[in-house]
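Visitor: This structure is in structure tokens; I'll ask about it shortly.
The values are calculated or read from the model by the stated rules, or taken from the named source; none is laboratory data. Owing to the predicted nature of the structure, the values given are computational and were not obtained by experimental measurement. No Cβ is skipped: glycine too gets one built from the backbone with ideal geometry, and neighbour counts run over all protein chains shown.
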Amino acid sequence: MTKHKDREFGQNLYERLEEITAVTTLHRPDFTYQQQVEAGRARELRKMKKFRFQLLHRWLTEHFAPCRVADIAGGKGLLAHLLQQSGWQATVIDPTYQPLPDKYKDIATGQRVRLDAAEQVHYLNKPFTREMGQQYDLLVGMHAHGCNIAIIDAAAAYGCGFVLFPCCVIDEPLIPPIGVHWLESLAEYAVQQGRAVAPFRLNFKGQNIGLYDAGRCPVKDVINL
Ligand SMILES: C[S@@+](CC[C@H](N)C(=O)[O-])C[C@H]1O[C@@H](n2cnc3c(N)ncnc32)[C@H](O)[C@@H]1O
């Protein structure tokens, strides 16, 4: 796909997601990617192609008060580490343990931050199951292999919020019909489960459209854009 077609496809998909989730508008706080753009952050965001964990950390901390969060399929746990630094109670749930990276870029200061080898995040070395959702206020799934439906099911069962950046459908119990994008299927599934779900976008390379539902996670009253 050319860059132009790629952008057009992403925009069309985003608009379809807004249509699917429009029924839930009344139930959710109004913080969309568009607001961020209008607030003049777009230029800054365009520079942030590589830093998806940092961007998601910033989005989460801007929109939610610290809470008990599970970083499902969290891999090396950088997102959980950043949230922990911001006062959140963060746990990585992933069957394949990986240590934290030894450095990362702080997008607020532009500085490279070194992580001490002794630095750790709370890590549950197990596959995620729906029942685990009881323990958390917010379930985050960034490329959470095979866990997206289970995360939505946990939110429906226990009232926790979720934030998903889905990638592939492999190992998921729901296969989208031909011609329906995986994100659309997930959005429709979440709406059917009664979730107040909405799309949002972060400016990193690749699949950068997320789906969120605040659930019982405490939302910040004033959004500092
Ligand atoms: C594509 S990686 C994503 C890692 C990280 N979130 C990121 O965005 O770079 C997928 C991760 O899913 C984890 N995973 C696979 N099956 C899982 C399951 N049932 N429950 C939780 N994590 C799982 C893998 O161990 C791997 O770390």
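Visitor: Can you spot a residue in the stretch 176-185 that is more than 26 Å from Trp88 (Cβ to Cβ) and acidic (Asp, Glu)?
Guide: Within the stretch 176-185 (the criterion being more than 26 Å from Trp88 (Cβ to Cβ) and acidic (Asp, Glu)), the answer is yes, since at least one residue qualifies.
Visitor: Pairs only if they're at least six apart or on different chains, beta carbon under 6 angstrom, first in the stretch 93-105 and farther than 10 Å from Lys76 by Cβ, second surrounded by fewer than 12 Cβ atoms within 10 Å (Cβ to Cβ); list them, first residue then second.
Guide: Final answer for the pair search is Pro95/Lys126; Lys103/Arg112; Lys103/Arg114; Lys105/Arg112.
Visitor: Oh, and also: Quick check on this structure: which one of Ile170, Ile178 is surrounded by fewer than 18 Cβ atoms within 10 Å (Cβ to Cβ), assigned to a loop (DSSP other than H, G, I, E, B) and in contact (Cβ under 8 Å) with a residue 12 or more places away in the chain?
Guide: Numbers: Ile178 fails: in contact (Cβ under 8 Å) with a residue 12 or more places away in the chain.
Result: Ile170 is the single residue among Ile170, Ile178 that is surrounded by fewer than 18 Cβ atoms within 10 Å (Cβ to Cβ), assigned to a loop (DSSP other than H, G, I, E, B) and in contact (Cβ under 8 Å) with a residue 12 or more places away in the chain.
Visitor: So in the stretch 126-143, with the set limited to residues that are crowded, with 24+ Cβ neighbours inside 10 Å and of a type in the set (A, V, I, L, M), which one is nearest to Phe204 (Cα to Cα)?
Guide: Top of the filtered list is Val140.
Visitor: Would you check if there is a residue in the stretch 152-174 being more than 23 Å from Met132 (Cβ to Cβ) and out of contact with any strand residue (DSSP E or B) (no Cβ under 8 Å at 6 or more places or on another chain)?
Guide: To start, the set of residues in the stretch 152-174 that are more than 23 Å from Met132 (Cβ to Cβ) comprises none.
No: the stretch 152-174 contains no residue that is more than 23 Å from Met132 (Cβ to Cβ) and out of contact with any strand residue (DSSP E or B) (no Cβ under 8 Å at 6 or more places or on another chain).
Visitor: Now for a separate question. Take the conditions touching a helix residue (DSSP H, G or I) at 6+ places or on another chain (Cβ under 9 Å), more than 21 Å from Gly210 (Cβ to Cβ) and more than 16 Å from the ligand (Cβ to nearest atom) and apply them to Gln120. Does it pass? Even if it seems obvious, please write down each step before you answer.
Guide: Numbers: touching a helix residue (DSSP H, G or I) at 6+ places or on another chain (Cβ under 9 Å): yes; more than 21 Å from Gly210 (Cβ to Cβ): yes; more than 16 Å from the ligand (Cβ to nearest atom): yes.
Yes, satisfied.
Visitor: Please find, within the stretch 127-137, the residue that is nearest to Tyr158 (Cα to Cα) out of those that are within 11 Å of the ligand (Cβ to nearest atom) and assigned to a loop (DSSP other than H, G, I, E, B).
Guide: Here the answer is Thr129.
Visitor: A further question on this structure: List every residue pair whose Cβ atoms lie under 7 Å apart, where the two residues are 6 or more positions apart in sequence or sit on different chains, the first residue falls within the stretch 127-148 and is more than 19 Å from Ala187 (Cβ to Cβ), and the second residue, located anywhere, is at pLDDT below 95 and away from the ligand (no atom under 11 Å from the Cβ).
Guide: Cβ pairs passing all conditions: Asp137/Arg216; Asp137/Cys217.
Visitor: In the set Ala196, Ala190, Ala156, which member is in a loop (DSSP other than H, G, I, E, B), away from the ligand (no atom under 16 Å from the Cβ), among the hydrophobic types (A, V, I, L, M, F, W, C) and crowded, with 18+ Cβ neighbours inside 10 Å? Even if it seems obvious, please write down each step before you answer.
Guide: Details: Ala190 fails: in a loop (DSSP other than H, G, I, E, B); Ala156 fails: in a loop (DSSP other than H, G, I, E, B).
Checking each option against the conditions leaves just Ala196.
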